[in-house]
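Read the structure below first, then the notes.
The values are calculated or read from the model by the stated rules, or taken from the named source; none is laboratory data. Note that the structure is a prediction, hence the values are computed from the model and not measured. All Cβ positions, even for glycine, are placed from backbone atoms using ideal geometry, and neighbour counts span all protein chains on display.
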Amino acid sequence: MIRSMTGYGKKETLWEDKRISIEIRALNSKNADVNLRTPSYIRSLDTEIRKRLAAKMNRGKIDLNIHIEFNGENAPTKINTQVVNSYVKQLEALGNSTFSERLALAMRLPDTLTSEREVLSDQEKDTVFTLLNQVIEEINSYRADEGAELEKDFLHRIGLIENHLENVKKIDPERNHKIELRLKDALEDLKIEVDANRFEQELIYYLEKFDITEEKVRLKNHLDYFTKIMKSEVPVGKKLGFIAQEIGREINTIGSKANHSELQKIVVQMKDELEKIKEQLLNIL
């Protein structure tokens, strides 16, 4: 099955005096482009978080936001009251100002906050990573659901291209006959004697230049392969993109050899369906 690259997931949990919230948004990208917004309190986990996102979400523009709200007295940072009071007294000596103004300015100065906890406990780490895994599972489920809808659309459009290909096969004998008649009519208009054997040789050579038998076979094989690859359990977005290019190459070759108005119209219709497939492939994991 195929999966979309876009998705959204969010989970929250309570642990001791903290509310931990993790939110992930994913968009299209050729590679794994991970952007983290985490509190300084858990910044040491960033490297491991990136590894898990890249391993479990493969690729895409992934934005992760972790928010931790402390509900008790055990916040990781505390106000250094001695330093703040010292700043306030120094500011008072500089000139007239209210206490509120001095306090607001003092809080912006260095060392007014101190960190009392430099290392996360194992239990806190487990809580964060358990919640992270839940969000990743949720967003991958979202991606799978959206991918299922895209798969239906792909199968529909591949089916339309196959129907157009069947019409090409029906028209092809008539097209060859018309090419042969046009050549004969052109020679008759010249009103010259033509060697029958030489004419037959030239006719065969000319028809071979416009022969699309190989293109029809290869196009059918590419369409079948595209459908088969969609059923893979591993990410197939890039591979499907390569197959779509090969499908386009065969359609273009048929168009260049067409020399038939109805066949050209069918080629345009096949190109239209293929372009719609290519647009959606940009969103496939």
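I'm trying to understand the selection: among the residues of segment 32-44, which are among the polar types (S, T, N, Q), over 30 Å from K239 (Cβ atoms) and either free of Cβ contacts under 8 Å to residues at least 12 places away in the same chain or surrounded by fewer than 18 Cβ atoms within 10 Å (Cβ to Cβ) (or both)?
Scanning segment 32-44 gives S40, S44.
Could you grab me the full set of residues in segment 126-139 that are surrounded by fewer than 18 Cβ atoms within 10 Å (Cβ to Cβ) and within 17 Å of G7 (Cα to Cα)?
Of everything in segment 126-139, those that are surrounded by fewer than 18 Cβ atoms within 10 Å (Cβ to Cβ) and within 17 Å of G7 (Cα to Cα) turn out to be N133, Q134, E137, E138.
Within segment 38-50, can you find the residues that are part of a helix (DSSP H, G or I) and farther than 22 Å from N283 by Cα?
S40, Y41, I42, R43, S44, L45, D46, T47, E48, I49
Which residues, counting only those in segment 1-37, are part of a strand (DSSP E or B) and of a type in the set (V, I, T)?
Selection gives T13, I20, I22, I24, V34.
Across segment 1-31, what is the total count of residues that are among the small types (G, A, S) and buried (at least 17 other Cβ atoms within 10 Å of the Cβ)?
Residues that pass the stated criteria total 4.
Identify, from the list L150, L160, the residue that is over 19 Å from the mean Cα position of the chain (by Cα), at pLDDT 90 or above, assigned to a helix (DSSP H, G or I) and within 25 Å of G241 (Cα to Cα).
Exactly one residue qualifies, and that residue is L160.
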